[in-house]
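Q: The structure that follows is given in the form of structure tokens.
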Amino acid sequence: MKPRLNPYQAAPAMMKALMTLEGRVANSGLEPGLIELVKIRASQINGCAFCLHMHARDARAHGESEERIYLLDAWRESPLFTDRERAALAWTEAVTLVSQTHVPDEVYDRARSQFSEEELVKLTLLVSTINAWNRFAISFRSIHPADVRAASAGA
């Protein structure tokens, strides 16, 4: 796979705006581990290798276990996730797949049982932001630097 273009070079002001939004999301008050789980789950749905690589590493840095990262795609069947995490993951899936799901009432009700109105707005912005990053990375064929190193090492 060959990268198509570097959006930071092509439109630096626009990418700076997205980075500013990312900073606000990161400092929103939502739990750092939850933020990373949401980013990984949306990136799994979208098939974004760059973001999966980045956020799996970030999740580990926030103390997330390998087991929970591996089971994230099957969170419904795993007892390892809290009710709050389950509500966030269901919300993530529904919002990421909004054209298919239209975010059902039962998903909203579940999310509202675990998140305040303000937190739900923050969670929705988190989901929207990682979906934007996924779209940039996939569209422009971004390659994570660690993947470049591994490929050149023959891994």
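The values are calculated or read from the model by the stated rules, or taken from the named source; none is laboratory data. Remember, it's a predicted structure, so these values are computed and weren't measured experimentally. No Cβ is skipped: glycine too gets one built from the backbone with ideal geometry, and neighbour counts run over all protein chains shown.
Q: Between a first residue in segment 116-127 that is over 19 Å from T20 (Cβ atoms) and a second residue that is in a helix (DSSP H, G or I) and among the charged types (D, E, K, R), which pairs have beta carbons less than 7 Å apart while being 6 or more apart in sequence or on different chains?
A: The qualifying pairs are L120/R112.
Q: Moving on to the next point. For segment 56-95, which positions are assigned to a helix (DSSP H, G or I), touching a residue at least 24 places away in the same chain (Cβ under 8 Å) and buried (at least 19 other Cβ atoms within 10 Å of the Cβ)?
A: Once the filter is applied, which keeps residues that are assigned to a helix (DSSP H, G or I), touching a residue at least 24 places away in the same chain (Cβ under 8 Å) and buried (at least 19 other Cβ atoms within 10 Å of the Cβ), segment 56-95 yields A59, L72, E85, A87, A88, L89, W91, T92, E93, V95.
Q: Keeping to segment 20-52, report how many residues are farther than 18 Å from P145 by Cβ, among the aliphatic types (A, V, I, L, M) and without any contact (Cβ under 8 Å) to a residue 60 or more places away in the chain.
A: 5
Q: Among the residues of segment 98-155, write down those that are under 22 Å from A10 (Cα atoms), exposed (fewer than 12 other Cβ atoms within 10 Å of the Cβ) and at pLDDT 95 or above.
A: Selection gives S139 alone.
Q: I've got another one for you. Out of the residues in segment 8-31 meeting the condition of being part of a helix (DSSP H, G or I) and among the polar types (S, T, N, Q), tell me which one is nearest to L126 (Cα to Cα).
A: Among those residues, the one meeting the criterion is T20.
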